[in-house]
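Visitor: Got a structure here, written out as structure tokens. Questions coming.
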Amino acid sequence: MGTEKERLLQPGWPKWGPYLSDRQWGSVREDYSADGEAWRYTTHDMARSKAYRWGEEGIAGFSDSSQQLCLAFGFWNKQDPILKERYFGLTGHQGNHGEDVKELYYFLDAVPSHAYLKMLYKYPQAAYPYDDLIRKNEARGKLDPEYELIDTGIFDNNKYFDIFVEYAKAGTDDILVKITAHNRGPEAAPLHILPTLWFRNTWSWGYDNYKPGMSATNRGDILIKHRQLGEYTFHLENQPGLMFCENETNIPKLYGADAANQTFKDGIGECLIGGNKHAVCQYQQGTKAAANYEFMIPAGEHVEIRMRLEQNLLMHPFADFDRIFDNRKEEADSFYAELQQGIDEADKRLVQRQAFAGMIWCKQFYYYDIEQWLKGDPSQPSPPRERLTGRNHEWTHLNTGDIISMPDKWEYPWFAAWDLAFHCINFTVLDASFAKGQLLLLTKEWYMHPNGELPAYEWSFSDSNPPVHAYATWRVYSIDKKNNNGKGDLPFLESVFHKLLINFTWWVNRKDKEGNNMFEGGFLGLDNIGVFDRSAINP
């Protein structure tokens, strides 16, 4: 048994992973409007200044499995008007074919324990064309092609950076991080790289006012204290400048309210780009922190940054850094070499490995308490009364806080029951335990409706998806049995069978009006163009 397979049998390795979403802004969970127009309630422009209630986002993000501490990266090319801390995209109202991310980034490699991860982000050297992308896509009709980032000409003459982000775990609570930025252009170009740590805001809602903290150490590192996670040190090579602020909503900017002598979520960008030194904490402490690495990268050259997040107060955190990275890469190669036996063509192996990487990177923390979301929080303004009879009001039992496989991290930063079922079939090849756990999860009483319906997706949990959960369960069992020399996991089947029977009964009673076992509704054609309206109530 290889090293990676051994890790999957040990507790603790899934504690840290790529659980940070690519997009939280515009999601249903952050929508507290009366009309349910999630895309308009929290916009990309608001996102840098508004503290989220239910989850976090970031570029190449990483977090613990409860998303208490988050790590992601900001970039600035000295041309953009704002710090590049999150991906940009069009809302459902702006795109001529609906919502669409307008960035170039690729998940290149990953193993299921998250002991090694790698991705690539392509960052232009000119000012990012936010307005151009919105204006030209809004002007196009449904029969026109989409206006993409590459169509703006911003990558002409190779004037961009290839930024590779890699993670390697030395242990379950010891994470090594490396960024390598290549200047692909013909001239030297400036680049700020800002590794950023922050706590998800759990203290502003009126349930628990405990606030964790970060502070600078004498060595130029960041000390992290959290009553549940414990103490960590974020080691930063070459002692870059540090900036601290609070992960709090900038209420003067967004709502015109008074909040003197405070720092806010957008403070680091306001200080670096806006020149406002009062936007960051002068005492180098807070709930959000960033290190500022500033480079002028010659044409065709690259720079490298090394970081390490760990609990053991290492005196020489970078002494074994390269060796650990090399070992994790070799272990990843060994894991896939065994998994891909019988695939002769190198290109096919590469395509499959990168496809698996995309699935692993899209394992996400998903937090959503419907009852709290509908009623609002004690220390926040009361939501409009229309919400109590609006979206998902029939699902007040649903209360999640789990790692779930997502269709993707930007357009769909939420689980979808149909997609998840098919994901699990593929995940069985990588990590059968995770696949089984996902299928069991959606049948738990805090997900499955008392009437037997499985939740569809957060835009409408009551929408009907095709009844594929039982199919996926059998396929996962069969693949796992084959991979275990004919020994099937009968306890898994037994544990899920009763819930699948209840779900089948719901389909028979609610979606089979003719009594001929032909279920109606749901996505019955290609995705989003089914011949039936999945949201319509059957007569």
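Visitor: Look at A170 and say whether it is of a type in the set (A, V, I, L, M) and part of a strand (DSSP E or B).
Guide: On the way: of a type in the set (A, V, I, L, M): yes; part of a strand (DSSP E or B): yes.
Taking the combined requirement at face value, the residue satisfies it.
So that you can scan it fast, the table gives a plain yes or no per residue for (1) of a type in the set (A, V, I, L, M, F, W, C); (2) part of a loop (DSSP other than H, G, I, E, B); (3) open to solvent by 10 Å² or more (accessible area, probe 1.4 Å):
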| site | (1), (2), (3) |
| --- | --- |
| Q10 | no, yes, yes |
| Y19 | no, yes, no |
| Q24 | no, yes, no |
| D35 | no, yes, yes |
| K50 | no, yes, yes |
| S63 | no, no, no |
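Visitor: A337 passes all but one of (1) under 24 Å from N238 (Cβ atoms); (2) modelled with pLDDT of 95 or more; which number fails?
Guide: It is condition (1) that A337 fails.
Visitor: If a residue must be open to solvent by less than 50 Å² (accessible area, probe 1.4 Å), in contact with an Asp or Glu (Cβ under 9 Å, 6 or more places away or on another chain) and either of a type in the set (S, T, Y) or at pLDDT below 95 (or both), how many such residues does segment 201-220 contain?
Guide: Qualifying residue count for the region: 1.
Visitor: crowded, with 21+ Cβ neighbours inside 10 Å and among the basic types (K, R), is that true of K178?
Guide: In short, no.
Visitor: Got at least one residue in segment 297-314 being over 30 Å from P186 (Cα atoms), open to solvent by 80 Å² or more (accessible area, probe 1.4 Å) and either in contact (Cβ under 8 Å) with a residue 40 or more places away in the chain or not in a helix (DSSP H, G or I) (or both)? Before you say what the answer is, go through the steps one by one.
Guide: The first filter runs over segment 297-314 and keeps only residues over 30 Å from P186 (Cα atoms), leaving 308-314.
Checking the rest, the ones that are also open to solvent by 80 Å² or more (accessible area, probe 1.4 Å) come to 312-313.
From what is left, the residues that are either in contact (Cβ under 8 Å) with a residue 40 or more places away in the chain or not in a helix (DSSP H, G or I) (or both) are 312-313.
Yes - at least one qualifying residue is present in segment 297-314.
Visitor: If you take the residues of segment 252-268 that are open to solvent by less than 60 Å² (accessible area, probe 1.4 Å) and outside any loop (DSSP other than H, G, I, E, B), which of them is nearest to F73 (Cα to Cα)?
Guide: Within segment 252-268, the match that is nearest to F73 (Cα to Cα) is I268.
Visitor: If you don't mind, there's one more thing I want to ask. So, in segment 83-103, of the ones that are closer than 19 Å to A181 by Cβ and out of contact with any Asp or Glu (no Cβ under 6 Å at 6 or more places or on another chain), which residue ends up surrounded by the fewest Cβ atoms within 10 Å (Cβ to Cβ)?
Guide: E103
Visitor: Out of curiosity, is Y160 open to solvent by less than 10 Å² (accessible area, probe 1.4 Å) and within 26 Å of A189 (Cβ to Cβ)? Working first, answer last.
Guide: Working: open to solvent by less than 10 Å² (accessible area, probe 1.4 Å): no; within 26 Å of A189 (Cβ to Cβ): yes.
So Y160 fails the test.
Visitor: What number of residues within segment 308-324 are under 21 Å from G58 (Cβ atoms) and either in contact with a Leu (Cβ under 6 Å, 6 or more places away or on another chain) or modelled with pLDDT under 95 (or both)?
Guide: Number satisfying all stated conditions: 1.
Visitor: Please enumerate the residues belonging to segment 269-296 that are over 30 Å from N183 (Cβ atoms) and outside any loop (DSSP other than H, G, I, E, B).
Guide: If the condition is that a residue be over 30 Å from N183 (Cβ atoms) and outside any loop (DSSP other than H, G, I, E, B), then H278, Q285, G286 are the ones that fit.
Visitor: Name every residue in segment 278-294 that is open to solvent by 50 Å² or more (accessible area, probe 1.4 Å) and more than 11 Å from C245 (Cα to Cα), in order of residue number.
Guide: The answer is E294, and nothing else.
Visitor: Just checking, which of N218, N247 is free of Cβ contacts under 8 Å to residues at least 24 places away in the same chain and either in contact with a helix residue (DSSP H, G or I) (Cβ under 8 Å, 6 or more places away or on another chain) or in a loop (DSSP other than H, G, I, E, B) (or both)?
Guide: Working: N247 fails: free of Cβ contacts under 8 Å to residues at least 24 places away in the same chain.
Only one candidate passes the filter, namely N218.
Visitor: Of the conditions (1) out of contact with any Phe, Trp or Tyr (no Cβ under 9 Å at 6 or more places or on another chain); (2) at pLDDT 80 or above, G488 fails just one. Which one is it?
Guide: Only one criterion in (1) out of contact with any Phe, Trp or Tyr (no Cβ under 9 Å at 6 or more places or on another chain); (2) at pLDDT 80 or above is unmet by G488, namely (1).
Visitor: Taking the stated definitions as given, is A337 among the small types (G, A, S) and either without any contact (Cβ under 8 Å) to a residue 40 or more places away in the chain or in a strand (DSSP E or B) (or both)?
Guide: Values: among the small types (G, A, S): yes; either without any contact (Cβ under 8 Å) to a residue 40 or more places away in the chain or in a strand (DSSP E or B) (or both): yes.
Yes; evaluated as a whole, the condition is true for this residue.
Visitor: Can you find, within segment 65-113, the residue that is nearest to I268 (Cα to Cα) among those that are part of a loop (DSSP other than H, G, I, E, B) and among the hydrophobic types (A, V, I, L, M, F, W, C)? Steps first, answer last, please.
Guide: Residues of segment 65-113 part of a loop (DSSP other than H, G, I, E, B): 65-68, 77-83, 85-88, 91-95, 97, 99, 102-103, 111-113.
This time we only want the ones that are among the hydrophobic types (A, V, I, L, M, F, W, C), so: 82-83, 88, 111.
Numbers: I82: 10, L83: 9, F88: 19, V111: 33 Å.
Here the residue is L83.
Visitor: Does segment 321-328 contain at least one residue that is part of a loop (DSSP other than H, G, I, E, B), within 26 Å of G74 (Cβ to Cβ) and open to solvent by 40 Å² or more (accessible area, probe 1.4 Å)?
Guide: Taking every residue of segment 321-328 in turn, none turns out to be part of a loop (DSSP other than H, G, I, E, B), within 26 Å of G74 (Cβ to Cβ) and open to solvent by 40 Å² or more (accessible area, probe 1.4 Å).
Visitor: Hey, among Y106, Y116, Y130, which residue is at pLDDT 95 or above, surrounded by fewer than 18 Cβ atoms within 10 Å (Cβ to Cβ) and closer than 30 Å to I324 by Cα?
Guide: Y106
Visitor: Continuing with the same structure: In segment 221-244, what count of residues is obtained for those that are assigned to a loop (DSSP other than H, G, I, E, B), open to solvent by 60 Å² or more (accessible area, probe 1.4 Å) and touching a Phe, Trp or Tyr at 6+ places or on another chain (Cβ under 9 Å)?
Guide: Here the count works out to 2.
Visitor: For segment 345-384, enumerate the residues that are open to solvent by 40 Å² or more (accessible area, probe 1.4 Å), in contact with a Pro (Cβ under 8 Å, 6 or more places away or on another chain) and not in a helix (DSSP H, G or I).
Guide: none
The values are calculated or read from the model by the stated rules, or taken from the named source; none is laboratory data. Just so you know, these numbers come straight off a predicted model, no measurement behind them. All Cβ positions, glycine included, derive from the backbone under ideal geometry; neighbour counts span all protein chains shown. Only protein heavy atoms, including side chains, enter the accessible area calculation; ligands, DNA and RNA are left aside. Shrake-Rupley method; radii C 1.70, N 1.55, O 1.52, S 1.80 Å.
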